[in-house]
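The values are calculated or read from the model by the stated rules, or taken from the named source; none is laboratory data. Please read all numbers here as calculations on a predicted model, not as lab measurements. Cβ atoms come from the backbone with ideal geometry, glycine included; neighbour counts cover every protein chain shown. Protein only, heavy atoms only, side chains kept; ligands, DNA and RNA dropped before computing areas. Shrake-Rupley method; radii C 1.70, N 1.55, O 1.52, S 1.80 Å.
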Amino acid sequence: MSNANEPAFPVVESHETMGTRVSCGLSTRELFAAMAMQGLMANPNPPEGISYEMCAVMSIRQADELLKQLEGE
């Protein structure tokens, strides 16, 4: 997962006197995990007994699997 820690939305700004600045924000992994969690939390009928901790774990696992699959393309 070489791109997991790369910025999801890098912004490069160049300025004459201040030089170049890169703003990174969320990593690709963090963005994918947040999107997976959003989908899980939007379910009006969540699985019985699912905890917030389990939701977070599932989101991270989904993000990692997506990154793994994308690396294999």
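Net charge around residue 70, counting only other residues with Cβ within less than 14 Å of its Cβ (Lys, Arg = +1; Asp, Glu = -1)?
Taking every Cβ under 14 Å from that of residue 70, the sum is -3.
Separation between the residue 16 and residue 69 pseudo-spin-labels, each 7 Å from Cα along Cα→Cβ, expressed in nm?
Spacing of the two 7 Å Cα→Cβ label points: 5.0 nm.
With all protein chains present, how much of the accessible area of the chain (probe radius 1.4 Å) comes from carbon and sulfur, to the nearest whole percent?
In the chain, the share of accessible area belonging to carbon and sulfur is 57 percent.
From largest accessible area down, sort 24, 55; use a 1.4 Å probe on the protein chains.
Reading off the accessible areas and sorting them downward yields 24, 55.
For semi-axes √(5λ) of the Cα gyration tensor in Å, one of [x] 19, 14, 10; [y] 33, 15, 8; [z] 22, 11, 11 was computed from the structure I shared and the rest are decoys. Which label?
Correct label, based on the coordinates given: [y].
Helix 52-71: angle to the longest alpha-carbon principal axis of the chain, degrees 0 to 90, nearest 10?
The angle comes out near 60 degrees.
Separation between the residue 48 and residue 8 pseudo-spin-labels, each 7 Å from Cα along Cα→Cβ, expressed in nm?
Placing both labels 7 Å beyond Cα along the Cβ direction yields 3.4 nm.
Averaged per residue, what accessible surface does the chain expose to a 1.4 Å probe, in Å²?
79 Å²
Hey, can you grab everything whose amide H is under 5 Å from the amide H of residue 27? Only 5+ residues off in sequence or another chain; H modelled, so Pro and N-termini drop out.
Amide H neighbours of residue 27, under 5 Å, 5+ apart: 8.
Measure nothing fancy, just the Cα-based angle from helix 28-41's long axis to the longest principal axis of the chain, in degrees from 0 to 90, nearest 10.
30 degrees
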